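Here is the structure we will look at.
The values are calculated or read from the model by the stated rules, or taken from the named source; none is laboratory data. Keep in mind the model is a prediction, meaning the values are calculated, not measured. All Cβ positions, even for glycine, are placed from backbone atoms using ideal geometry, and neighbour counts span all protein chains on display. Please note that ligands, DNA and RNA were not included when accessible areas were found on the heavy atoms of the full protein model with its side chains. Shrake-Rupley method; radii C 1.70, N 1.55, O 1.52, S 1.80 Å.
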Amino acid sequence: MSTGAVVETRDLTRRYGPHVLALDHVNLQLRPGEVYGLIGPNGAGKTTFLRLVLGLIRPTDGSSTVLGSPAGSPEALRRVGAVVEAPAFYPYLSGRNNLVVLSRYAGTDPAQIDPAIERVGLAERAGDKVSGYSLGMRQRLGLAAAFMKDPALYLLDEPTNGLDPYGIAAMRRIIRDLADSGRTVLLSSHLLAEVEQVCDRIGIIHHGRLLLEQTMGELRGAGGRLRVVASPVDRAAEIVRGVAGVEAVEVTDVGLDVATDPANAPAIARALVQASVDLVELRETSRSLEEAFMQLTGEPADGRELG
Amino acid sequence: MGPLRAELLKARRSWATTILIVIVALVELLLGYLVIWLVVQAPAQEGSGFDEAAQAALLATLGADALVGNALAMLAGLGGALALVLGALMSAREYGWRTVGALLVQGRSRMAMVAAKVGALAIVLAVMVVATFLAAFLGATVVAAIEGNEIGFPRLGELVAGLGAGWLIVGAWGAIGLAVGFLLRATGLAIGLGLAYAFVIELLIAGLSPLSDVVEAIARGLIGVNAGALAASFGPELPPGFGGPVLEIDPGLATLVVAAYLVVSLVVATVVVRARDVT
């Protein structure tokens, strides 16, 4: 029975040989019009997941549907625009002719080629051979190939690879515009900041398993925390630890990091004031994507970039 | 038709396609006509096997009525090998450039991609066959003009049959290249192994065939031997020492064997593409 999901996987599993379990019973649903971020370190299974959804590889177990059709079927693929890994093109052809080739395979209107090239800012170089393109230009050409089909679903694998800061900002705008116009975007990335800024919902994948699936709002609010800035800090920590509902108090460089339901904030404020502690700041703090990732995987993050 | 037009665009814009076709036509002109004509111009040596009769017989092979056989001899040899290269390029390069995935996510079946490549390869090889025949015609015409003979044309029926036979021969070699390219997914390896088979293994077995009945039986199943026999059935009769078919094989049977190589190669290519993951 159809659930209305744009992408739906059921126990999707993929093994490479007897020892490598690249994807382990992944159940995932993409809702219409959302930007879904699939994050995880390199080798977590993100690209394997995208290849399965595109039908480029077959599952060892489980199944998946895309826009109501079996994953990889021509019916599904006609409505999908995909940029998987570094976009691949024919180096001896111009950017425009590469799009002509893909357009003829897709059966799309060739009149869509030039607007797609304009949209990604490649008009001036469209006649040049792709062998002379930078990685960023190839990324943009890949996106243009997806635009030509005007698909209902975009599958974008590390779409900001090779882009300069302007290109990255433009890519974010494009992704949000796509979602605003009703398209669904599945964004795979190991760049947490990128995902945090554009996604409505995220899934954290690690060692082939989907560890967490939440909206960004749920993620930030999960495991509520309060920041308390008070003086003297040791006395403040002692008082706060005694407040009912407080799970943990950690003294940090800027004050206290309190693990508790944010609804306990008034009780904490009252206790501090009654104890004659100077209360400077008391506010709810949100959990970052990086913190969530660290908690779930225990993987060290390199700055805000994984892998 | 969309995928076929896409494959034709790629083939047309690739220098490899143009260069390989030009090479076959040029070699036909140079080796098939110029070199033979220069040999004919050399003084006859009585008692050496290359006497005036042999010279006259050799010169006769440069006439218009021998054009079809000359062109087919080139297509059965160098043409077949370069058709194999074209086929391997058409399939294996997609993996080297990782473009096969980009094609397959456009909403066509894997069968459609293979069919488009087969169609494009067939058209490219048809151009190769026509170019070779045109080169042979040019060679025959120039020789006729130099020798003061009347410029002639092959009989239409023979020409059509020859074009068809040539297309079948290079088509079978091209299909082998396509299948090997899909199997190995590495351009250099596919071309290297294909050429090693064509120029080393086949020639070695064919060369040893007079020495053993078993080896001869094997040789009678080889594509090169059958392609050579099919080409030779169109003539011309060469003087002793100037080549000819390795084994006498009925042209109908040779046609069937070459066609079998074509069909089996296409089946292998299709099965491999359908069954394999694209990683």
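Please report, in whole Å³, the volume per residue of the convex hull around the C-alpha atoms of chain A.
Residue-normalised Cα hull volume stands at 161 Å³.
Amide H neighbours of A:GLY37 under 5 Å, at least 5 residues apart or on other chains, H built in the peptide plane: list them.
A:LEU187, A:ASP200, A:ARG201, A:ILE202, A:GLY203
Against the 2.2 N^0.38 Å scaling, with N counting residues, where does the range A:132-177 land? I'd like the Cα-based Rg ratio to two decimal places.
Working it through for the range A:132-177, the quotient is 1.11.
If you split all Cα-Cα distances of the range A:223-284 into 5 Å bins from zero, what percentages do you get per bin, shortest first?
4, 22, 39, 27, 8, 0
For B:TYR95, what charge total do you get from the other residues with a beta carbon under 11 Å from its beta carbon, if Lys and Arg give +1 and Asp and Glu give -1?
Local charge sum for B:TYR95: +3.
Can you give me the three principal axis dimensions of the range A:84-165 from its C-alpha atoms, in Å, biggest first?
Between the extreme Cα coordinates on each principal axis of the range A:84-165 lie 31, 27, 19 Å.
Take every DSSP beta bridge whose two residues both sit in chain A, then give the antiparallel share in percent to the nearest 5.
Here the share of antiparallel DSSP bridges comes out near 70 percent.
Full extension from A:ARG235 to A:SER69: what is 0.36 nm times the residue separation minus their Cα-Cα distance, to one decimal in nm?
Between A:ARG235 and A:SER69, full extension yields an extra 53.5 nm.
Only protein chains counted, 1.4 angstrom probe. Which residues of the range A:47-74 are at least 50 Å² less accessible in the assembly than when their chain is isolated?
Those are A:LEU56, A:ARG58, which lose 50 Å² or more relative to the chain on its own.
Report, in deg cm²/dmol and to the nearest 500, the calculated mean residue ellipticity at 222 nm for chain B, where each DSSP H run with n ≥ 4 adds -39500 (n - 2.57) and the sum is divided by the residue count.
Calculated at 222 nm, the ellipticity per residue is -23000 deg cm²/dmol.
Quick one: which bits of the range A:82-96 get at least 50 Å² less accessible when the partner protein chains are in, versus the chain alone, with a 1.4 Å probe?
A:ALA88, A:TYR90, A:TYR92
On a 25 Å Cα-Cα criterion, which of the cross-link pairs A:LYS46/B:LYS10; A:LYS46/A:LYS149; A:LYS129/A:LYS149 come out too long?
Cα-Cα > 25 Å for A:LYS46/B:LYS10; rest within.
With every protein chain present, what is the per residue accessible area of the protein assembly as shown (1.4 Å probe, Å²)?
44 Å²
Residues of the range A:138-160 with accessible area at least 30 Å² lower in the all-protein-chain context than alone (1.4 Å probe)?
Those residues are A:LYS149.
Quantify, in whole percent, the carbon and sulfur part of the accessible surface of chain B (1.4 Å probe; protein heavy atoms only).
The C+S portion of the solvent-accessible surface of chain B is 71 percent.
Just to be sure I understand: of the beta bridges DSSP finds with both ends in the protein assembly as shown, what percent are antiparallel, rounded to 5?
70 percent
Quick one: what do you get for chain B if you divide its Cα Rg by 2.2 N^0.38 Å?
Normalised by 2.2 N^0.38 Å, the Cα Rg of chain B equals 1.08.
Let me see the P(r) profile for the protein assembly as shown: every Cα-Cα distance counted, bins of 10 Å, each bin given as a percent of all pairs.
3, 14, 19, 17, 13, 11, 9, 5, 3, 2, 2, 1, 0
Using protein heavy atoms only (no ligands, DNA or RNA), what is the total accessible area buried between B and A, 1.4 Å probe, nearest 100 Å²?
What B and A bury together is about 2800 Å².
Of all accessible surface on the range A:87-195 at a 1.4 Å probe, what whole percent is carbon and sulfur?
Looking at the range A:87-195 in its full context, I get 50 percent from C and S.
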